[in-house]
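The values are calculated or read from the model by the stated rules, or taken from the named source; none is laboratory data. This structure is a prediction, so every number in the text was calculated from the model and none was measured. Note that we place each Cβ from the backbone using ideal geometry, even for glycine, and neighbour counts take in every protein chain shown. For accessibility, only protein heavy atoms count, side chains too; no ligands or nucleic acids. Shrake-Rupley method; radii C 1.70, N 1.55, O 1.52, S 1.80 Å.
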Amino acid sequence: MFLHIDIDAFFPSAEKARNKDLENKPVVVCMFTKNGKGGAVASASYEARAFGIKAGMPVSRAKALASQDTVFLQADVNYYSFLSREIMQEIAKFGKLEIISIDEAYMEINDFNEARELAVKIKSIIKEKFKISVTVGIGKTRILAKIASKISKPDGLKAIFSLMDVGNYEITVIPGIGKKTAEILNKYGIIKINDLINLGTMKIKEIFPNKYGDYLSLIISDNEASIKFRKKEKQKGKFITLDNETEDKNVIYKNALVLLEKILEEKKEELFSSISLVLVKSDMKNLVKTRKVKPTRNIDMLSNLMKEMINEAVIDKPIRRIGLFLSDFVKVNQKSLTDF
Ligand code: TTP
Ligand code: MG
């Protein structure tokens with residue numbers, strides 16, 4: 001058996017835990033842009049979710065949906081990371097913890113009754129010590145435990161022994177089935193988990209003849225599947241071919257800056273957490289540099305990083321093409337994403 005422990009509305013809950021005035025209030029934690037006008041929602045408390053406010057939404061949209069008394073706060077990631085470590089340490093006293101993100105972890109337990117008792121204990125201790133509620137899913141596999149917590153949030157506790165137990169839920173409760181995959185499956189008449197189970201592994205592998213098909217097949221057979229991936233990180237990139245090959249770092253910088261401006265212009269609402277520069281040399285070899293940043297769309301910050309990377313680059317051959325890639329901020333402390 002596995003426990004999947006997931007903190008409820010983590011960032012807003014962390015804010016409520018340190019400020020009694022926020023109790024029972026809709027709280028939206030945001031990553032604001034530098035001028036404080038734009039930005040995206042990192043997480044909304046359950047009271048705020050009732051208005052339709054969700055993670056990833058532009059702050060402007062969230063404000064339009066919010067009630068008068070909704071509190072908007074800038075994310076304090078240092079505090080959340082600190083709190084996350086404290087909470088995880090507390091939970092780790094009960095067994096070997098596999099931490100998979102800032103607010104989620106698994107624990108393997110031999111016996112079901114033991115798992116259930118432990119889940120109750122963990123929930124009450126975290127509530128008592130940190131004034132924060134967590135949901136615990138119990139499952140035969142990690143995926144089943146994760147589904148169990150997902151459908152019983154907030155402050156929930158639920159056990160699932162087989163995917164059939166949740167047959168009447170929509171397929172999107174399965175981790176890894178997002179909007180796009182759901183659309184594909186919907187075309188085959190697959191709406192609920194029962195439909196997916198009835199479809200069978202052969203047909204699933206026909207629709208997805210790749211690792212993803214293998215993944216779904218494992219899930220419908222109640223086998224342990226790797227859940228290293230979650231939301232796919234979205235990348236926005238552009239290339240420019242220079243009129244004349246150059247070794248001049250200023251020229252390279254100016255061209256890269258044009259790419260940066262274009263990407264920011266096309267992705268008006270996004271925050272980015274990594275920037276990669278690709279320099280294609282005259283011998284067609286690539287030189288790639290990447291920098292991670294706190295979620296931002298601040299052009300001064302991003303162009304400075306770009307300048308640093310260009311300055312560091314050893315340009316031993318003239319450059320003919322320049323590429324720039326910005327990756328969306330998806331989740332704080334997210335593990336590496338494997339795609340399929
Ligand atoms: P989640 O566990 O996905 O969400 P949550 O804890 O806010 O809400 P719940 O589990 O009750 O559904 O993410 C944990 C934290 O990670 C979240 O509080 C804020 C952060 N986060 C972002 O900053 N950006 C995002 O797009 C997402 C999904 C989460
Ligand atoms: Mg959570």
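Structure values in brief
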item	result
For Ala55, residues with placed amide H under 5 Å, excluding near neighbours	Ala44
Total lysine pairs under 15 Å (Cα atoms) in the range 11-76, excluding pairs fewer than 8 apart on one chain	4
If the convex hull is drawn through the Cα atoms of the chain, its volume per residue in Å³	163
Residue among Gly52, Ser162, Ile319 farthest towards the positive dipole end of the chain, charges placed on Cβ	Ile319
With every protein chain in place, the range 235-339: carbon and sulfur % of accessible area (1.4 Å)	45
Relative contact order (%) - the range 55-123, alpha-carbon pairs under 8 angstrom, separation at least six	17
Solvent-accessible heavy-atom area per residue, rounded to whole Å², over the range 11-76 at 1.4 Å	51
Radius 14 Å from Cβ of Ser13, net charge of other residues (Lys, Arg +1; Asp, Glu -1)	0
Mean residue ellipticity (222 nm) of the chain, computed from DSSP H runs ≥ 4 via -39,500 (n - 2.57), nearest 500	-12000 deg cm²/dmol
Residue-by-residue Karplus 3J(HN,Hα) for the range 156-162, coefficients 6.51, -1.76, 1.60, Hz, glycine and proline x	x, 8, 8, 10, 10, 9, 8
q = 0.13 Å⁻¹: log10 I(q)/I(0) that the Debye formula gives for the range 235-339, counting C-alpha atoms only	-0.45
Mean Cβ count within 10 Å, highest first, over the residues of peptides 164-172, 266-274	266-274, 164-172
Accessible area in square angstrom per residue, the range 169-220, 1.4 angstrom probe	55
The chain - percent relative contact order, Cα under 8 Å, separation 6 or more	16
Residues with amide H under 5 Å from that of Phe72, placed H, sequence gap 5 or more	Val28
Degrees between helix 112-130 axis and first principal axis of the chain (Cα, 0 to 90, nearest 10)	60
Under Karplus coefficients 6.51, -1.76 and 1.60, residue-wise ³J(HN,Hα) of the range 257-267 in Hz, glycine/proline x	5, 4, 4, 4, 4, 5, 5, 5, 5, 6, 10
Inter-label distance, nm, simple model (7 Å from Cα along the C-beta direction), Met301/Glu108	4.0
Order by protection proxy (mean Cβ within 10 Å, highest first), peptides 134-140, 310-316	134-140, 310-316
Candidates per trypsin sites (Lys or Arg not before Pro) in the range 91-134, loop by DSSP, up to 14 other Cβ within 10 Å	Lys93, Lys96, Lys131
